[in-house]
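Rule-based calculations on the coordinates, nothing more; no lab input. Predicted model, so just to flag it, every value in this text is computed and none were measured. When we count neighbours, we look across all protein chains shown, and the Cβ atoms used for this are built from the backbone with ideal geometry, even at glycine.
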Amino acid sequence: MSKVKSYTVNEATKLLERYCIYQDRCHKEVLLKLKNLQMIDVAKEVIILHLLKHDFLNEERFAKSYVRGKFRINKWGKNKIVKELKWRGISTYNINTGLKEIDINDYMDTIVKLANKKRLSIKGENGFIIRKKIFNYLYNKGFETSLINETLNVLK
């Protein structure tokens, strides 16, 4: 039988500070980490208040960095980003603030580049099937239906 390490509030606080410094975190991730450390509810509250007070935990900053990363690195569209942020319990206000990190010109360039790249990867299909495959690809990436259709009309 393995013995589970127990942490004092100070030890857990330092551990969570490092956890939040390494990468921006949302409340849900911090609560999960505290649960894994088997901290009691009172200790969780004390630690989260400390993290908030000392700006280790900031959901607006988390939303902004999450949006930037998922758009620039993973090439996700706004729909997929919003869905993931909602799943993480981020407020609508912070989601909207985060989405402002995406430049509309970069967004449009990205959808066109992804569509062109997908088009080149599809071999020997008819026009309708090609269009459908590109649409599904961009839709699964989280781009808005209207923008996908606009992009497909330009690609013809």
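May I ask you to sort Tyr22, Tyr93 by Cβ crowding, counting other Cβ atoms within 10 Å and putting the fewest first?
Working: Tyr22 8, Tyr93 11.
Arranged by neighbour count, lowest to highest, Tyr22, Tyr93 become Tyr22, Tyr93.
Using equal-weight Cα scatterers in the Debye expression, the normalised intensity of segment 59-99 in log10 at q = 0.17, 0.30 Å⁻¹ is -0.33, -1.04.
Each semi-axis of the equivalent ellipsoid for the chain is √(5λ) with λ an eigenvalue of the Cα gyration tensor; in descending order they amount to 42, 17, 11 Å. Using only Cα atoms, find the angle between the long axis of helix 145-155 and the longest principal axis of the chain, and express it within 0 to 90 degrees, rounded to the nearest 10. Here the helix axis deviates by roughly 40 degrees.
Using Cβ counts within 10 Å as a stand-in for footprinting exposure, how do Leu49, Leu31 rank, fewest first? Walk me through the intermediate numbers first.
Details: Leu49 11, Leu31 16.
Result, fewest neighbours first: Leu49, Leu31.
Each 5 Å bin from zero up to the one holding the largest Cα-Cα distance in segment 9-53 carries the following percent of pairs: 5, 24, 42, 25, 5. Over what distance in Å are the Cα centres of segment 88-147 and segment 7-21 separated? The distance from the Cα centre of segment 88-147 to that of segment 7-21 comes to 39 Å.
Sorted ascending by nearby beta carbons within 10 Å, beginning with the fewest, Arg18, Arg72, Arg25 become Arg18, Arg72, Arg25.
Estimate the FRET efficiency between Thr92 and Glu17 by the formula 1/(1 + (r/R0)^6), using the beta-carbon distance for r and 30 Å for R0, to the nearest 0.05.
0.60
Counting only DSSP H runs of at least 4 residues, each contributing -39500 (n - 2.57), and dividing by the residue count of the chain, the helix-based mean residue ellipticity at 222 nm comes to -22500 deg cm²/dmol. What is the helix-to-structure angle for 127-140, meaning the angle in degrees between its Cα long axis and the longest Cα principal axis of the chain, kept from 0 to 90 and rounded to the nearest 10? Roughly 10 degrees, rounded to the nearest 10. Here segment 104-155 has an Rg and Dmax of 10.3, 33 Å, counting Cα atoms alone.
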